[in-house]
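Novice: I'd like to ask you about the structure that follows.
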Amino acid sequence: MQTRTLGHTDLQVVPLAFGGNVFGWTADEATSFQLLDTFVDRGLNFIDTADVYSRWIPGNKGGDSETILGDWFARSGKRDQIVLATKVGMEMGEGKKGLSKRYILEAVEDSLRRLQTDRIDLYQSHRDDESTPIEETLEAYQQLIQQGKVRFIGASNYKGTRLAEAIELGVQKNLPVYQVLQPEYNLYSRHDYETDLAPVAAKYGLGVIPYFSLASGFLTGKYKSAEDAKGASREFLVKKYFDERGMRILKALDEVSAETGASQTEISLAWLLAQPTVTAPIASATNTKQLETLFAAVDLKLGQEHLGKLDEASR
């Protein structure tokens, strides 16, 4: 499969990242292992997770996804085939959050232990921490890079001004620079990324790996109405999309699907892959049928007519 480079790094990824938020949440260990084996056996190589996944589930303390990934690495021996991305900064318990040097150096050891690996290919600030000086955060990453525990760094949930400030400071102080941006971006959620973050990504040549690429399942065609989503595990995430614009988007996806023969999932991801600043959307699956749809999306190229129809409906 064709690969793309993540920002100014030597990380070559097939342009689709497996979202590890499902591991230990909607996919148990056995299912997760099966999905990961299939993902890699089909030639894909990029997995994104976070230390906090899936702390929101009653009984989980966080680290569940990383633990399952680590057990899979140990069982499969496929760590060297993977570009591994994880994140730090979200609350993991009393006093365990943020981007202070002390906390990053503590949290990375926990992640490495759970992941059963000696290095993280892409370590990302999960959320901006305005209470910690940017320089202190970058100094922590510099230490980890020098120790070989982290290869490159990225940022998620940043505003454009803060992201640019962090990059400029890194250059000025000879500190590590964010090479990858992980924003919320999809056919429905466009405005914030396109107006605030895309110009920064373009200026600095960042790799962009959008999360919620399928709007928590809304863009897959699984739900035709808010009523359809009632009782689903993601109901609390998708119900906000069922407004007038959301229904226009679903109608356009349905029409493009009918004209191309591709699924709405494939079309939604192909639209993202056609955007000039996007490197690799992040998408999840909880069964192999869903995974096959993700594979198909990597090879789908939409024509300008269909891209235009989707753009118009989602404005």
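The values are calculated or read from the model by the stated rules, or taken from the named source; none is laboratory data. This is a predicted model, so every value here is computed, not measured. Here the Cβ is made from the backbone with ideal geometry for all residues, glycine too, and neighbour counts use every protein chain on show.
Novice: Is it the case, given these coordinates, that residue 63 is surrounded by fewer than 21 Cβ atoms within 10 Å (Cβ to Cβ) and either free of Cβ contacts under 8 Å to residues at least 60 places away in the same chain or small (Gly, Ala, Ser) (or both)?
Specialist: no
Novice: Then there's this: Please verify whether residue 241 is at pLDDT below 95, among the hydroxyl-bearing types (Ser, Thr, Tyr) and touching a Phe, Trp or Tyr at 6+ places or on another chain (Cβ under 6 Å), treating the condition exactly as stated. Step through it out loud before you land on a result.
Specialist: Numbers: at pLDDT below 95: yes; among the hydroxyl-bearing types (Ser, Thr, Tyr): yes; touching a Phe, Trp or Tyr at 6+ places or on another chain (Cβ under 6 Å): yes.
In short, yes.
Novice: Is there a residue in the range 86-106 that is closer than 23 Å to residue 294 by Cα, more than 20 Å from the chain's Cα centre (by Cα) and outside any strand (DSSP E or B)?
Specialist: Within the range 86-106 (the criterion being closer than 23 Å to residue 294 by Cα, more than 20 Å from the chain's Cα centre (by Cα) and outside any strand (DSSP E or B)), the answer is no, since none of the residues qualifies.
Novice: Of all residues in the range 28-47, which are outside any helix (DSSP H, G or I), of a type in the set (A, V, I, L, M, F, W, C) and out of contact with any helix residue (DSSP H, G or I) (no Cβ under 8 Å at 6 or more places or on another chain)?
Specialist: Just the residues of the range 28-47 that are outside any helix (DSSP H, G or I), to begin with: 28, 42-47.
Still in the running and of a type in the set (A, V, I, L, M, F, W, C): 44, 46-47.
Across the range 28-47, the qualifying residue is only 46.
Novice: Looking only at the range 288-315, count every residue that is part of a loop (DSSP other than H, G, I, E, B), modelled with pLDDT of 95 or more and not aliphatic (A, V, I, L, M) and tell me the total.
Specialist: Let us first name the residues in the range 288-315 that are part of a loop (DSSP other than H, G, I, E, B), namely 300-303, 315.
Applying the additional criterion that residues be modelled with pLDDT of 95 or more yields 300-303.
Among the residues that remain, those that are also not aliphatic (A, V, I, L, M) are: 301, 303.
Final tally of qualifying residues: 2.
Listed here are the residues, each with its yes/no results for (1) closer than 20 Å to residue 141 by Cβ; (2) touching a residue at least 60 places away in the same chain (Cβ under 8 Å); (3) in contact with a Phe, Trp or Tyr (Cβ under 7 Å, 6 or more places away or on another chain).
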position: 35; (1), (2), (3): no, yes, no
position: 67; (1), (2), (3): no, no, no
position: 71; (1), (2), (3): no, no, no
position: 83; (1), (2), (3): yes, yes, yes
position: 90; (1), (2), (3): yes, no, no
position: 102; (1), (2), (3): yes, no, no
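Novice: Consider residue 29 against the criteria (1) within 21 Å of residue 291 (Cα to Cα); (2) in contact with a strand residue (DSSP E or B) (Cβ under 7 Å, 6 or more places away or on another chain): it satisfies all of them except one. Which criterion is unmet?
Specialist: (2)
Novice: Based on what the data block shows, is residue 284 within 29 Å of residue 33 (Cβ to Cβ), out of contact with any Phe, Trp or Tyr (no Cβ under 8 Å at 6 or more places or on another chain) and either polar (S, T, N, Q) or at pLDDT 95 or above (or both)?
Specialist: Numbers: within 29 Å of residue 33 (Cβ to Cβ): yes; out of contact with any Phe, Trp or Tyr (no Cβ under 8 Å at 6 or more places or on another chain): no; either polar (S, T, N, Q) or at pLDDT 95 or above (or both): yes.
No, not satisfied.
Novice: In addition: How many residues, within the range 189-199, are surrounded by 22 or more Cβ atoms within 10 Å (Cβ to Cβ) and either part of a loop (DSSP other than H, G, I, E, B) or in contact with a helix residue (DSSP H, G or I) (Cβ under 6 Å, 6 or more places away or on another chain) (or both)?
Specialist: 1
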